[in-house]
1. Mind listing P(r) for the range 176-220? All alpha-carbon pairs, 5 Å bins, whole percents.
2. Multiply the residue gap between ALA126 and ASP158 by 0.36 nm, knock off their C-alpha separation, and tell me the result in nm, one decimal place.
3. If r is the Cβ-Cβ distance from LYS147 to ILE34 and R0 is 25 Å, what FRET efficiency results, to the nearest 0.05?
4. Of the peptides 127-136, 54-63, how do they stack up when ordered by the mean number of other Cβ atoms within 10 Å, highest first?
5. Taking 25 Å as R0, compute the FRET efficiency from the Cβ-Cβ separation of SER139 and THR179 and round it to 0.05.
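Rule-based calculations on the coordinates, nothing more; no lab input. The shown structure was predicted, so the numbers you read here are calculated from the model rather than taken from an experiment. Backbone-built Cβ (ideal geometry, glycine too); neighbour counts: all protein chains shown.
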Amino acid sequence: MKKSIQNFLKSLFVFAISFLLSEKLAAQYSKVTIDATIGTNYALSAVQSMPGIGSTIAAHYTPSRLFSFSADFSAGVLWGAGSTDASLNENENRTNGPVLHSFKFNTEYYCWSGRAYLNIQKLFSASKAPKQAILYLYSGIGSLTAKSHSTGINILEDNVYNQTYYTGYVGLEWRIKGTRRLDYLVTVQNNFTQTKYLDALPFKDNYDNFTTLSFGVSYSLCPDKQSRFIDWSRARREICQQSRY
């Protein structure tokens with residue numbers, strides 16, 4: 001019994017030393033970045049979308065090279081125009097054939113959300129340091145507030161919807177190496193909503209979605225002038241080997 005306790009304490013001591021060493025080594029690298037992107041978005045709804053504009057700012061924390069997390073604020077505008085032969089009123093007289101309606105819409109939105117990232121380069125090439133680019137797969141959820149306004153060209157009726165609802169999204173992000181503190185970002189994201197009226201037009205049975213394509217920068221909050229973002233580092237065992245010399 002006494003020997004078992006001694007072995008347990010030894011194992012606990014070794015684990016504690018290993019943990020402290022790994023944290024000390026990881027402290028050589030920046031784990032926090034401020035990310036900012038801007039780009040275009042397209043509504044996936046009943047009306048043909050025109051290029052909109054959207055932007056995001058995020059505080060990004062990377063506890064390990066495999067997983068990371070961020071808190072985000074996004075804002076943007078969606079635009080679109082088109083026509084449909086659907087009826088605005090179920091009682092509308094359709095005896096003379098389909099009635100063509102032409103529309104345009106704009107939607108202003110902002111969103112608070114959180115994301116979780118998976119480092120694809122680390123997942124498949126754990127022992128190699130990334131060279132010029134890192135690919136991430138991410139997913140998130142947030143609260144989206146939107147004001148949607150549509151105008152019918154052939155009818156004297158405007159629709160305005162003020163909505164707040166949960167939204168989810170998935171995306172891919174490429175981090176491209178820049179300077180020690182500054183990297184470049186390219187992001188493609190698809191946003192899933194819980195409304196049929198993102199375009200303020202009730203012509204679809206399914207929920208409306210929108211897609212974004214963004215470009216931006218990532219600024220590392222480095223602990224000192226020699227530090228760099230942790231995802232550009234080599235595998236931990238290589239760092240440990242280097243630290244012995």
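1. The distribution over the range 176-220 is 6, 18, 18, 12, 11, 10, 9, 8, 6, 2, 0, given as percents.
2. Fully extending the segment from ALA126 to ASP158 adds 6.0 nm.
3. Between LYS147 and ILE34 the formula returns 0.35.
4. Top of the packing list down: 54-63, 127-136.
5. About 0.30, to the nearest 0.05.
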